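Inspection log for the structure reproduced underneath, given as structure tokens.
The values are calculated or read from the model by the stated rules, or taken from the named source; none is laboratory data. Everything numeric in this text was worked out from a predicted model, so none of it was measured. Cβ coordinates were reconstructed from backbone atoms using ideal geometry, including for glycine residues, and neighbour counts include every protein chain displayed.
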Amino acid sequence: PHVLGHLVLFLIGAVAMRGAGSTYNDIADRKLDAQVERTRSRPLPSGQVTTKQAAAFLVAQALVGLAVLLQFNATAILIGMLSLAPVAIYPFMKRVMPMPQAVLGLAFGWGALMGWVAVFGRLDPPALWLYAGTICWIVGYDTIYAVQDIEDDEIVGIHSSARLFGTRLRLAVGLCYAGTIALFVPALIGAGAGLLGWIGLGLFAAHLARQVMHLSERDGLRALALFRSNRDAGLILFAGLAADALWQGLH
């Protein structure tokens, strides 16, 4: 019941803070988004929503996230507050940093640290391995996502890892995904994962490999489909780890 309670809280918090991060990013990028074909129809650049309305929505989402955060221990609250730093700087990194996806990884992967600290009250090596692996995963799949905007990004002057890697895109994403698996292995070992957890990781790795095989730097529609398929990859890994934890708990 204790773990299930944490899962429910993390689900609510993740939805709220993921939404808050996206809203903040849209506010910061509203002028750039107006210059990119794919994003100019978004609520802010298209004028469907005002900046004040978006800011009010951001505050509401952040308050939900804060309410969730305050349910955890003091260390988890501190870790949660620190996550605001990479979230705050990410939208501006794409203007100055060749691979802003690295900062996105720092921000979005923070949940790996939060989850561990919420349960154990401290940071241990498995959490750090998991965080590092998650950063690699995020850089990989967001590089795929950025394929859609390569041409517009070059015109507007937005940096992305897809632009940086160019014709070496498949190799770069493959290396990111290989790094993900390599870093998840010591995380699972340190966490005491059993057979079902390793099966989940194996299926997750196969899913990532399939993405790389089908990736093309010239096909934006395929890139979007591959990017979205990471939802399934994450669910596969989660199912394996959750089933493993349940099995070990019963035995």
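Residues are listed down the side, and each one gets a yes or a no for (1) free of Cβ contacts under 8 Å to residues at least 60 places away in the same chain; (2) surrounded by fewer than 18 Cβ atoms within 10 Å (Cβ to Cβ); (3) closer than 22 Å to LEU224 by Cα:
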position	(1), (2), (3)
PRO125	no, yes, no
TRP129	no, no, no
ASP152	no, yes, yes
VAL156	no, yes, yes
ARG168	yes, yes, yes
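Out of all the residues in the stretch 29-42, which are buried (at least 16 other Cβ atoms within 10 Å of the Cβ) and either within 20 Å of VAL103 (Cα to Cα) or not polar (S, T, N, Q) (or both)?
Scanning the stretch 29-42 gives ASP29, ARG30, LEU32, ASP33, ALA34, VAL36, ARG42.
Among the listed residues LEU128, LEU175, identify the single one that is at pLDDT 95 or above and either hydroxyl-bearing (Ser, Thr, Tyr) or under 27 Å from ASN25 (Cα atoms) (or both).
Just a single option satisfies the conditions, and that option is LEU128.
Could you tell me whether the stretch 186-199 includes any residue that is among the aromatic types (Phe, Trp, Tyr) and either under 18 Å from the mean Cα position of the chain (by Cα) or not assigned by TED's automatic domain parsing to the domain that holds TRP116 (or both)?
Within the stretch 186-199 (the criterion being among the aromatic types (Phe, Trp, Tyr) and either under 18 Å from the mean Cα position of the chain (by Cα) or not assigned by TED's automatic domain parsing to the domain that holds TRP116 (or both)), the answer is no, since none of the residues qualifies.
Just to be sure before I move on: is GLN61 modelled with pLDDT of 95 or more, of a type in the set (S, T, N, Q) and farther than 17 Å from VAL139 by Cβ in the structure I sent?
Values: modelled with pLDDT of 95 or more: yes; of a type in the set (S, T, N, Q): yes; farther than 17 Å from VAL139 by Cβ: yes.
For GLN61, the condition - modelled with pLDDT of 95 or more, of a type in the set (S, T, N, Q) and farther than 17 Å from VAL139 by Cβ - is met.
Is it the case that some residue within the stretch 29-36 is under 25 Å from CYS136 (Cα atoms) and not assigned by TED's automatic domain parsing to the domain that holds ILE150?
Yes, that holds for at least one residue.
Residues to consider are GLY200, GLY220, GLY194, GLY190; find the one that is touching a helix residue (DSSP H, G or I) at 6+ places or on another chain (Cβ under 7 Å), modelled with pLDDT under 95 and of a type outside the set (Phe, Trp, Tyr).
None of the others qualify; the one that does is GLY220.
If PRO45 meets every condition in (1) more than 21 Å from the chain's Cα centre (by Cα); (2) modelled with pLDDT of 95 or more apart from one, which number is that one?
(2)
Given the structure, is LEU175 surrounded by fewer than 18 Cβ atoms within 10 Å (Cβ to Cβ) and within 30 Å of PHE92 (Cβ to Cβ)?
Answer is yes for this residue.
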